[in-house]
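Accompanying notes for the structure given below.
The values are calculated or read from the model by the stated rules, or taken from the named source; none is laboratory data. If you're wondering where the values come from, they're calculated on a predicted model, not measured in any experiment. Methodologically, a virtual Cβ is constructed for each residue, glycine included, from the backbone with ideal geometry; neighbour enumeration extends over all protein chains shown. Please note that ligands, DNA and RNA were not included when accessible areas were found on the heavy atoms of the full protein model with its side chains. Shrake-Rupley method; radii C 1.70, N 1.55, O 1.52, S 1.80 Å.
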Amino acid sequence: KRLEKLTNNLLDVTRIENSNNSLELNKEQFAIDSVIRDCMIDISQHIGKKNIRFSYVPADDNQQVIIKADKTRIAQVLMNLLENSINYSQEGIISVTSTVDPDANSITVSVKDTGSGINPDIIPRLFSKFVTASEKGTGLGLYISKKIIEAHGGKIWAENNKDGQGATFAFTLPLSS
């Protein structure tokens, strides 16, 4: 699985670099909430023996938030962020939140963990190729995630949590008109 993931990441990087720094997207309209929930279910199999739980607070309990995006690529970004949260956390809650900004006509999705946080030395280069503080990681996941979000007209960022425990990764995407 690790070799397959590495191969797919290298293929994505090659595609990005051979197409003027962007990715070809297959956009469709879909409810982002269902993709978030599906990713959380899928990634929960990677927790192993760690004492980690997930929480999800959707933007609107009464109404699905619809976006027009490449569903597979958005799921790829979410899986990467969730997997990183698991890798850097031993216990606690990984909380996913989505909020709608009607003025900006966008949705922000954030993944907050209670892990070790981001090494301050790599924060300025965090979304660059081959930047990692992990022995296992290749440092390609966040670079690819950034390119996917930017190809959708969104932004992605990360910061250490103000309480000193863990980090929050977030991205914005335009809402469907």
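Take Gly115 and tell me if it is open to solvent by less than 20 Å² (accessible area, probe 1.4 Å) and under 22 Å from Leu23 (Cβ atoms).
Working: open to solvent by less than 20 Å² (accessible area, probe 1.4 Å): yes; under 22 Å from Leu23 (Cβ atoms): no.
Judged against the criteria, Gly115 is not a match.
Every residue in region 86-112 that is open to solvent by 10 Å² or more (accessible area, probe 1.4 Å), under 17 Å from Ala167 (Cβ atoms) and not aliphatic (A, V, I, L, M), please.
Step one: list which residues in region 86-112 are open to solvent by 10 Å² or more (accessible area, probe 1.4 Å), which gives 87-88, 90-93, 95, 97, 99-106, 108, 110, 112.
Adding the requirement that they be under 17 Å from Ala167 (Cβ atoms) leaves 87-88, 90-93, 95, 97, 108, 110, 112.
The answer is Asn87, Tyr88, Gln90, Glu91, Gly92, Ser95, Thr97, Thr108, Ser110, Lys112.
Give me the pairs, please: first residue somewhere in region 43-59 and at pLDDT below 90, second residue anywhere and of a type in the set (A, V, I, L, M) and open to solvent by 40 Å² or more (accessible area, probe 1.4 Å), beta-carbon distance under 9 Å, and either six or more positions apart or on two chains.
If the second residue must be of a type in the set (A, V, I, L, M) and open to solvent by 40 Å² or more (accessible area, probe 1.4 Å), the pairs left are Ala59/Val100.
Let me confirm something: among Ile107, Ile118, Ile74, which residue is of a type in the set (Val, Ile, Thr) and assigned to a loop (DSSP other than H, G, I, E, B)? Give the steps one after another, and end with the answer.
Working: Ile107 fails: assigned to a loop (DSSP other than H, G, I, E, B); Ile74 fails: assigned to a loop (DSSP other than H, G, I, E, B).
Checking each option against the conditions leaves just Ile118.
So which of Gln45, Gln63 ends up being assigned to a loop (DSSP other than H, G, I, E, B) and surrounded by fewer than 16 Cβ atoms within 10 Å (Cβ to Cβ)? Walk me through it before giving the result.
Details: Gln45 fails: assigned to a loop (DSSP other than H, G, I, E, B).
On inspection, the qualifying residue turns out to be Gln63.
Restricting attention to region 121-156, and to residues there that are charged (D, E, K, R), in a loop (DSSP other than H, G, I, E, B) and under 26 Å from Thr7 (Cα atoms), which single residue is most open to solvent (accessible area, probe 1.4 Å)?
Here the residue is Glu135.
Restricted to region 66-85, and to residues that are open to solvent by less than 50 Å² (accessible area, probe 1.4 Å), touching a Ser or Thr at 6+ places or on another chain (Cβ under 7 Å) and among the β-branched types (Val, Ile, Thr), which residue is nearest to Asn9 (Cα to Cα)?
For region 66-85, the residue satisfying everything is Val77.
For the subset of region 3-42 comprising residues that are open to solvent by less than 40 Å² (accessible area, probe 1.4 Å) and among the charged types (D, E, K, R), which member is modelled with the highest pLDDT?
So, considering only residues that are open to solvent by less than 40 Å² (accessible area, probe 1.4 Å) and among the charged types (D, E, K, R), the one modelled with the highest pLDDT is Asp33.
Please go through region 157-174 and pick out each residue that is buried (at least 18 other Cβ atoms within 10 Å of the Cβ) and not in a strand (DSSP E or B).
Result: Gly166, single match.
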